[in-house]
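Working notes for the structure below.
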Amino acid sequence: MFCRDYLEFTRRNTEVSAGLADGARREERWLYPEEAIREAIVNALVHRDYLLSGTTVELSIYKDRLEVISPGRLPNGITPQHMITGCRSARNQLLKDVMRDYGYIEHMGMGVPRKIVKEMQRHNGTSPDLIEDEELFMVRLWK
């Protein structure tokens with residue numbers, strides 16, 4: 001399953017609401033901002049620990065949240081708080097470079113603060129949970 005498949009799964013299994021923009025134009029609004037979901041999925045695929053056999057990136061949708069789970073701990077002393085402030089470190093540099101060359105990621109490595117955190121704040125005023133637990137890293141987006 002690649003990024004597009006995860007996004008299609010999310011679209012099929014989450015709500016969409018409609019409202020009026022500018023007082024007259026119909027505008028659809030997804031439950032979670034697509035840019036935040038896309039960034040969480042791409043990060044999970046690029047930065048996961050591929051040495052952990054028998055594991056995969058997981059996308060789970062619950063009544064009140066969406067979770068993206070990536071196998072492996074954060075690399076090189078990175079913490080969730082470091083990620084929010086823009087500190088970055090690539091576990092799989094070659095994979096990151098290939099994904100950048102194909103336009104899936106930017107080279108800056110600032111997707112957590114600029115896309116996930118910012119988009120969730122703009123979308124519904126919530127902050128994502130960034131959780132490192134045992135041998136996994138999770139991004140949790142709240143409804």
- Task: Could you tell me which of rounded, prolate or oblate describes the range 43-106, using a ≥ b ≥ c as the square roots of the eigenvalues of the alpha-carbon gyration tensor, with rounded for a/c under 1.5 and, failing that, prolate when a/b is larger than b/c and oblate otherwise?
- Result: rounded
- So how far apart, in nm, are the two label points at residue 27 and residue 126 if each is 7 Å from Cα heading toward Cβ? 2.0 nm
- The local net charge around residue 51, scoring Lys/Arg +1 and Asp/Glu -1 for residues other than residue 51 whose Cβ lies under 14 Å from its Cβ, equals +1
- Of 83, 108, 99, which is the most mobile in a GNM of the chain whose springs link Cα atoms less than 10 angstrom apart? 108
- Query: Principal axis lengths of the chain from Cα atoms, whole Å, largest first?
  - Reply: 51, 29, 29
- Message: Once ligands and nucleic acids are excluded and a 1.4 Å probe is used, how much of residue 56 is accessible, expressed in Å² to the nearest 10?
- Response: 80 Å²
- Looking only at aspartates and glutamates whose Cα falls under 18 Å of residue 118's and that sit 8 or more positions away or on another chain, we get 34, 35, 39, 67, 106, 129
- Go ahead and collect, in residue order, the members of the range 27-41 whose backbone nitrogen is under 14 Å from a label point 7 Å along the Cα-Cβ direction of residue 133. none
- lysines with Cα under 22 Å of residue 63, excluding same-chain neighbours fewer than 8 positions away: 143
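Heavy-atom accessible area per residue, the range 18-104, 1.4 Å probe: how many Å²?
Values: 5070 Å² over 87 residues.
I get 58 Å² per residue for this part.
Using helices alone, what [θ] at 222 nm do you get for the chain, with -39,500 (n - 2.57) per DSSP H run of 4 or more residues, divided over all residues and rounded to the nearest 500? Write down the numbers at each step before the final one.
On the way: 5 runs with 46 residues, N = 143.
Calculated mean residue ellipticity at 222 nm is -9000 deg cm²/dmol.
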- Task: Enumerate the residues in the range 69-84 having an amide nitrogen under 15 Å from the point lying 7 Å beyond the Cα of residue 58 toward its Cβ.
- Result: 69-73
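The values are calculated or read from the model by the stated rules, or taken from the named source; none is laboratory data. Keep in mind it's a predicted model, so treat the numbers as computed, not measured. No Cβ is skipped: glycine too gets one built from the backbone with ideal geometry, and neighbour counts run over all protein chains shown. For accessibility, only protein heavy atoms count, side chains too; no ligands or nucleic acids. Shrake-Rupley method; radii C 1.70, N 1.55, O 1.52, S 1.80 Å.
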